[in-house]
Amino acid sequence: MKGKAKMRPGTTKNGQNLCALRWLKRTRPGGTTDEFSKYFDTVLTSDQHEKYKEAKNLVQCISRRQVLLRVQTYWQNMNIFIATVNSHPCQTPLGHISRG
């Protein structure tokens, strides 16, 4: 039954899923899991398999970079917020709030 199912690549960013996305878009829209398995296992050369592994590593690097940029942006925004609050004449500076 699995082979007759419509191919749906998983969300994991690996070479096989990247290949499946491209295969569905360019080669065989609406293709089945069995058709893709045959394509991936027999049609692709070892060089093409290596290229998909490289693409997987690149996607992972980009994902890590995006996370780092989001964290960096968050902390930059927090520093701007703290500086704004601290400079406001009606507010007690953060970090200098008495615990009563």
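Of all residues in segment 9-27 being outside any helix (DSSP H, G or I) and touching a residue at least 12 places away in the same chain (Cβ under 8 Å), which is farthest from residue 42 (Cα to Cα)?
Selected residue: 13.
Give the residue that is nearest to the chain's Cα centre (by Cα), with candidates limited to residues of segment 7-53 that are surrounded by 12 or more Cβ atoms within 10 Å (Cβ to Cβ) and polar (S, T, N, Q).
So the residue we want is 14.
If residue 4 satisfies every condition in (1) modelled with pLDDT of 85 or more; (2) surrounded by fewer than 13 Cβ atoms within 10 Å (Cβ to Cβ); (3) touching a strand residue (DSSP E or B) at 6+ places or on another chain (Cβ under 9 Å) but one, which is the exception?
It is condition (1) that residue 4 fails.
The values are calculated or read from the model by the stated rules, or taken from the named source; none is laboratory data. Bear in mind the structure is a predicted one, so any value in this text is a computation, not a measurement. Note: ideal-geometry Cβ built from the backbone for every residue, glycine included; neighbour counts use all protein chains shown.
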